[in-house]
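The structure appears below as structure tokens.
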Amino acid sequence: QVQVVESGGGLVQPGGSLRLSCAASGSIISINAITWYRQAPGQSRDLVAAITRGGSTNYADSVKGRFTISRDNAKNTVYLQMNSLKPEDTAVYYCNAEIDGLYYWGQGTQVTVSS
């Protein structure tokens, strides 16, 4: 059974930083693309950043230059380094992983940016 678990969320002041982790575990042969999404209350779930197995990345315009996605294939883990956080970054952040041809969601981690 495959599990995807996010961690690293919390409360941070504007201008601060957080690093989120997305770890996959279980019976895994290959992890392909991993994508971070976020969903604010009453809003749709939007793409934040994505990374392929080979390391190619893609970012939403709203986070370019502030967020960095990276992965450690040996640990089956993807990271989202978030710098210069703004109140509008407040949301539940979800990880979606393509594993052996199937897509798995994590449970989400709350990020709150507030003074």
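Let me make sure I get this right: for the range 1-55, a, b and c are the square roots of the gyration tensor eigenvalues over alpha carbons, sorted descending. Under 1.5 in a/c it's rounded, otherwise prolate if a/b > b/c, else oblate. Which is it? Walk me through the numbers before you get to the answer.
Values: a/c = 1.90, a/b = 1.74, b/c = 1.09.
Verdict is prolate for the range 1-55.
What does the charge count around Val111 come to, taking other residues whose C-beta lies under 12 Å from its C-beta (Lys +1, Arg +1, Asp -1, Glu -1)?
Values: positive: Arg19, Arg38, Lys86; negative: Glu6, Glu88, Asp89.
Surrounding charge for Val111 is 0.
What accessible area per residue comes out for the chain, rounded to a whole number of Å², with a 1.4 Å probe?
On a per-residue basis, 52 Å².
On a full-extension model of 0.36 nm per residue, what is the gain between Gln81 and Arg45, subtracting their alpha-carbon distance, rounded to one decimal in nm?
11.0 nm
Set the Förster radius R0 to 22 Å, insert the Cβ-Cβ distance between Asn73 and Ser7 as r into 1/(1 + (r/R0)^6), and round the FRET efficiency to 0.05. All intermediate terms of the calculation are to be shown ahead of the outcome.
Values: r = 18 Å, r/R0 = 0.84.
Result of the calculation: an efficiency of 0.75.
Just the number, please: carbon plus sulfur as a percent of the accessible area of the chain, 1.4 Å probe, no ligands or DNA/RNA counted. Write out the running numbers ahead of the final one.
Numbers: 2730 of 5940 Å².
After summing per-atom areas, the C and S share lands at 46 percent.
I want the local charge near Val78. Using Cβ-Cβ distances under 12 Å, sum +1 for each Lys or Arg and -1 for each Asp or Glu among the other residues. Mind dumping the intermediate values first?
Details: positive: Arg19, Arg53, Arg71, Lys75; negative: Glu6, Asp72, Glu98.
Local net charge: +1.
Would you mind classifying the range 23-79 by shape? Square roots of the alpha carbon gyration tensor eigenvalues, ordered a ≥ b ≥ c; an a/c under 1.5 is rounded, otherwise it is prolate if a/b is larger than b/c and oblate if not.
oblate
Looking at Ser84, Gly9, Asn73, which one has the Cα that reaches farthest to the positive end of the dipole of the chain (charges on Cβ: Lys, Arg +1; Asp, Glu -1)?
Working it through, the farthest residue towards the positive pole turns out to be Ser84.
So if we plug the beta-carbon distance of Ala60 and Ser27 into 1/(1 + (r/R0)^6) with R0 = 30 Å, what FRET efficiency do we get, rounded to 0.05?
The formula returns an efficiency of 0.40 here.
Please compute the contact order of the range 1-105 in relative form: average sequence separation of alpha-carbon pairs under 8 Å and at least six residues apart, divided by the residue count, as a percent.
35 percent
The values are calculated or read from the model by the stated rules, or taken from the named source; none is laboratory data. Keep in mind the model is a prediction, meaning the values are calculated, not measured. With ideal geometry, Cβ positions are generated from the backbone for all residues, glycine too; neighbour counts draw on all protein chains shown. For the accessible areas, the whole protein counts, side chains as well, though only heavy atoms, and no ligand, DNA or RNA atoms are used. Shrake-Rupley method; radii C 1.70, N 1.55, O 1.52, S 1.80 Å.
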